[in-house]
Each structure stands twice: as structure tokens, then as C-alpha cells.
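The values are calculated or read from the model by the stated rules, or taken from the named source; none is laboratory data. Keep in mind the model is a prediction, meaning the values are calculated, not measured. Every residue, glycine among them, receives a Cβ derived from its backbone with ideal geometry; neighbour counts consider all protein chains shown.
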Amino acid sequence: AVISLAACQSQKKEINLPKTDMAQVALIPKPVETVATHSAYALDSSTVIYTSQANPEFHAVGEFLANKIKGKTGLTVNVNTTSEAGSVDRIVYINQSDSDDLKTPEAYQLYVKKDSIYINAKTAAGAFRGIQTLRQLIPEQSNDTLTDHPLWLVPTGKIMDAPRYAYRASMLDVARHFFTVDEVKKYLDILAYYKYNALHLHLSDDQGWRIEIKSWPKLTEIGGASEVGGESGGFYTQEEYKEIVAYAAERHIEIIPEIDMPGHTNAASLSYPFLHAGGKADKPRVRTDTQVGYSSFHTRKDEVYEFIDDVVREIAAISPSPYFHIGGDESHVTKKKDYIHFVEKVEKIVQNHGKTAVGWNEIGQAKISPNTVLQLWNEPHNALKAANNGSKIIVSSAERMYLDMKYDSISEYGLTWAGLIPVDLAYNWDPKTYLEELPEESIMGIEAPLWSETISNSDELEYLAFPRAIGYAEMGWSTAESRNWEEYRTRLAKQVPYFSRMNINYYPTKLVDWE
Ligand code: TNX
């Protein structure tokens, strides 16, 4: 007769579980503390997930886990309902906890015991991060010999974990080349697996405008119809944008919209010529090249600010993020005094719509308010000045973090203006020591931008993003002391089965002995 493991357990017959080592699993980002207890939790269809009942957000985290277990193992695991009568359930509890040990919203505790798993967190976001760790602990291969059906042996032990930085983001430039809703969703899936919590979308640039603005329809009719290289471009309707926001929210990732201005605005000015500065700025025309620094909005016309007010209002209404990114980079044909005037006015517009402004480091030339966030890509002095005035800084060093830089001289896509960024250089530095003068408290977090001049689909996006974005995930989450390239590269090598299963392209750098 066939005897299930559950039945065996109920009859107190122990099967001999092999010795495991939780501390040897290739977890990325590396948790703050891992204590292995060397036994195993046998995952099979008698597992049931229970979540803090009253909280629908925790229930959703449970459903997310059940889905991912299904995808990885094929097992159907119930959430908040028992499995078929008679079997002894092994339970995964996802609990809302107010333990003092959980110090930040994304902190979590994960206990894996022989017959149950506990994930404790203060918030659903914390539980969600914990779920990613559990996903990584579930082996790719089942054990088919211990009993009459396959078991996925999860190593037992405990993990106490919390992020170093509250903000861990990537940016995707959907303006130079448009990326479809599905392509953005796939990127979000991978970012979530490595505990990112924000994706900044660069929604406008000289070559294209990518978000529907109902009060200014030509932005997408005209401005949305082009991209680098001359293909047809594209844009998100507001419904599609909301779909991206909702998909990200299910993964506890925030979408930060950027409308880049006063420079990088050729597509907008082509749609509505009154926006164009004149003077040194190039006359608007369809641009499919990759030049920068030639366009500018007019900074002294009231209609320009009325236009911006409409754009910010419509986007703010569909964007739950507290942040609105106003760009501000490379406005080389805007006079400095006009630029400063513009930034100060647009910052106020953003604030009037209930959002906190974020801008590239050039906005530090203006008198920005202390709650405005500055994204540091190339000018530390502007970041330091803003930080001294109370602003938080997002570290996005072009030389270390630009996902659009080539890995090495033989890599296929990418640019080289900020240097080559091989996978070890990308990983092997620290935001703190990189800019000593910047107090740690001023660093809100890190963001790895992916500009899209040379890429136009998921395969190419993934080639540049992976594996480097995985290193930034660890840089944003794990403690500085726990990071070590030689040890990290062995964990990175073990991500291949995940890449294969999820059909993720990556650059197979020789610096890693891929498995
Ligand atoms: C600089 S970084 C830019 C972008 C380009 C990128 C290419 C920044 C704020 N501006 O307009 O796409 O270089 O690497």
C-alpha cells in the first residue's frame, strides 16, 4: 500500500531526512543572520499556508507564495484552507507580528522547522521579502527516493533579516526605446525575487513621450510615435500605467514616474511647439538619434507651467508613490538662471499635487527644499550641498551603477562613456566609502539606471541588467561587512537554474564559474 509521508508522521514513523545546511544555500541578497539547524522541512502537497487572517495584504502574500511554489515544483498548496481530509498538514505561517526585534517595515524573521515554517513581519512588505528568501531556500530539484512521492527539502534553521537601505531601485528608460507592459512586468518579477522595492520609469525624453495625458493628447499621438533607431515607439495608456503600478504593488515595489525637464523634452515640444525654448535649443523634429543636451522647455511662459501642472496632476492621480521625478539632467541649452527658476517652480507644482520631488543631481544648483530628493549620478558637490540642506540622496554613480555601460570590450550592447563596468567592479564597492563626505543618514538608498539607447526588448534589457542588478540588490540590502566578491560570485553562479526556469537572459561573464 502507498503510505504518504504525512501518514507516516501521524503514525510517528520518522523518515530519515538528509542533513542540510541553510547557511550554504546561495541566498541573494545575503541575509543579516542565518543559523542552520541541519534538518529539513519536506515540502509536498500536504503543506498549507496560513496567513494573519484579518489582513488581506498578508493573505495576498500567501497567495503569491503558493503561486511561486506551483511554478517551481508543480505542487498545489492551499492558502487559508485545509487540504484534503485525513492528511496531516505541514504548515507555513505568515504572521503579522509586532515583535521589537522587527525594527523596520521590511524586516522579517524566517524559522524553518521540521514540520512548520514561520515568517514573521510587521508589514506585508516585510512578509513579502521573507517569502523571497523562502523561494530561494526551496531546492530546484526534488528528492524522489525518501518516500513514494517527490519532496522538496527546505533546510531548517532561522533567518533574521532586514534591509540596509529603505530604497532599493532600478530605473528603466522606456523613452529611448519603448518597453511593453509585459516586458516591464517581467523585469518587475526578477527585481522582486532579489528584494528590490522600487522601479523608476523614465517616461519622457527627446525621442519619445510614453504616458497618456488626457488633457494634452498630442503628447502620445505625436510624441509617442518615435524612438531611437526609427521604430514606431509606443506609450502606456493611463489604464496600462495603472496595471503596471498594480502589478508592482503586488510585489511590494513602488513605481516612480519621471517626466524629464526642462531638457530632454524634444518629443513634448514637437507635440506642442509653444513649449520649446527657442534660442540655443534645437528646433523640435522627430529625433531617433542618441544625442543629449539640445532641447529645452521655455522657462518664462505661464502656459508652460500650466501644461506641467496638468501633466503632474494627471500622473499624480494614477501614481500612489509619494515621489514624482522631475528629471533636470543635462539641460545644456537652458541658461543657468532660467534652469534654476524652472526647477524651483516645478518643485512647487509637484508639492502642490501632494508629491515629493526627486531630480537628477543638477537640480542641486537650485534652492530646493529639504524634502526634495536628489539622485546622484555624476556631481558629488551638488549632492553634498543638498544633503547639507537636509535632502536625502539616492546613489546612482554612473561609473559604478549604470546598467547601460558595457561589461567589457567584447560585450554586445551598451555604451562606454562612464567606463566599462564588469560584474566585479559593479559589486565590489560601497556607497558609503565611495563618497566619504556624505553622511550615511543622508543616503536614502541606491538605484541602478538602465538607459535604453542600445536595447529594445527583454532579451537585451536582461543582458545588460543581469547579473549586475543582482549585485546592486545585495549592495542595497545586505550589510557592508558581509559583502565579499569572492564569496558572492559562488552564490551568483548558482542563480543559473532560476534564470533558466524563468527564461532570463544574462551576460555569462568569465569572472563567474557559472553552474
Ligand atoms: C546620461 S544620466 C543621461 C541619459 C543617457 C545616459 C546614457 C543622466 C541623468 N542622463 O540621458 O541616457 O547618460 O548612459
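Residue by residue, here is whether (1) surrounded by fewer than 21 Cβ atoms within 10 Å (Cβ to Cβ); (2) within 17 Å of Lys195 (Cα to Cα) holds:
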residue	(1), (2)
Ile421	no, no
Leu438	yes, no
Asp459	yes, no
Pro467	no, yes
Tyr472	no, yes
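Is it the case, given these coordinates, that Ser452 is touching a helix residue (DSSP H, G or I) at 6+ places or on another chain (Cβ under 9 Å), away from the ligand (no atom under 16 Å from the Cβ), among the hydroxyl-bearing types (Ser, Thr, Tyr) and at negative phi? Steps first, please.
Details: touching a helix residue (DSSP H, G or I) at 6+ places or on another chain (Cβ under 9 Å): yes; away from the ligand (no atom under 16 Å from the Cβ): no; among the hydroxyl-bearing types (Ser, Thr, Tyr): yes; at negative phi: yes.
No, not satisfied.
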### Query
Only one residue in Gly359, Gly354 is in the same structural domain as Leu435 (by TED's automatic domain parsing) and either at pLDDT below 95 or outside any strand (DSSP E or B) (or both), so which one is that?
Gly354
### Message
With the requirement that a residue be more than 16 Å from the ligand (Cβ to nearest atom), of a type in the set (Ser, Thr, Tyr) and more than 11 Å from Val346 (Cα to Cα), what does region 290-322 give you?
### Response
Ser319, Ser321
### Query
Which of (1) in contact with a Ser or Thr (Cβ under 7 Å, 6 or more places away or on another chain); (2) closer than 21 Å to Thr290 by Cβ is the odd one out, the single condition Glu347 does not satisfy?
(2)
### Query
Do you know which residues across region 137-148 are in contact (Cβ under 8 Å) with a residue 24 or more places away in the chain, closer than 14 Å to Lys70 by Cα and either surrounded by 18 or more Cβ atoms within 10 Å (Cβ to Cβ) or not assigned by TED's automatic domain parsing to the domain that holds Asn16 (or both)?
Ile138, Ser142
### Given (1) of a type outside the set (A, V, I, L, M); (2) more than 15 Å from the ligand (Cβ to nearest atom); (3) in contact with a strand residue (DSSP E or B) (Cβ under 9 Å, 6 or more places away or on another chain), number of the condition Tyr488 does not satisfy
(3)
#### Entry: Extreme residue, farthest from the ligand (Cβ to nearest atom), among residues of region 266-281 that are in contact with a helix residue (DSSP H, G or I) (Cβ under 7 Å, 6 or more places away or on another chain) and over 11 Å from His298 (Cα atoms)
Tyr272
### Query
In region 145-183, which residue that is among the small types (Gly, Ala, Ser) and more than 16 Å from the ligand (Cβ to nearest atom) is farthest from Asp404 (Cα to Cα)?
Gly157
### Task
List the number of the failed condition for Trp417; all other conditions in (1) buried (at least 22 other Cβ atoms within 10 Å of the Cβ); (2) within 13 Å of the ligand (Cβ to nearest atom); (3) over 19 Å from Ile470 (Cβ atoms); (4) of a type outside the set (Ser, Thr, Tyr) hold.
(1)
### Query
What tally of residues in region 322-341 results from selecting those that are surrounded by fewer than 21 Cβ atoms within 10 Å (Cβ to Cβ) and more than 19 Å from Asp206 (Cα to Cα)?
6
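Is there a residue being in the same structural domain as Ile443 (by TED's automatic domain parsing), part of a loop (DSSP other than H, G, I, E, B) and away from the ligand (no atom under 16 Å from the Cβ) anywhere in region 336-351?
Start the filter on region 336-351 by keeping residues that are in the same structural domain as Ile443 (by TED's automatic domain parsing), which leaves 336-351.
Imposing the further condition that a residue be part of a loop (DSSP other than H, G, I, E, B) reduces the set to none.
Checked against the condition, which is being in the same structural domain as Ile443 (by TED's automatic domain parsing), part of a loop (DSSP other than H, G, I, E, B) and away from the ligand (no atom under 16 Å from the Cβ), region 336-351 yields no hits at all.
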### Residue in region 367-377 that is more than 13 Å from the ligand (Cβ to nearest atom), hydrophobic (A, V, I, L, M, F, W, C) and out of contact with any His (no Cβ under 8 Å at 6 or more places or on another chain) present
yes
### Task
Working only within region 222-265, note down all residues that are in contact with a Phe, Trp or Tyr (Cβ under 9 Å, 6 or more places away or on another chain), more than 16 Å from the ligand (Cβ to nearest atom) and among the acidic types (Asp, Glu).
Glu231, Glu243, Glu250, Glu254
## Note on the structure
Matching residues in region 10-56 (surrounded by 14 or more Cβ atoms within 10 Å (Cβ to Cβ) and either assigned to a loop (DSSP other than H, G, I, E, B) or at pLDDT below 90 (or both)) number 15
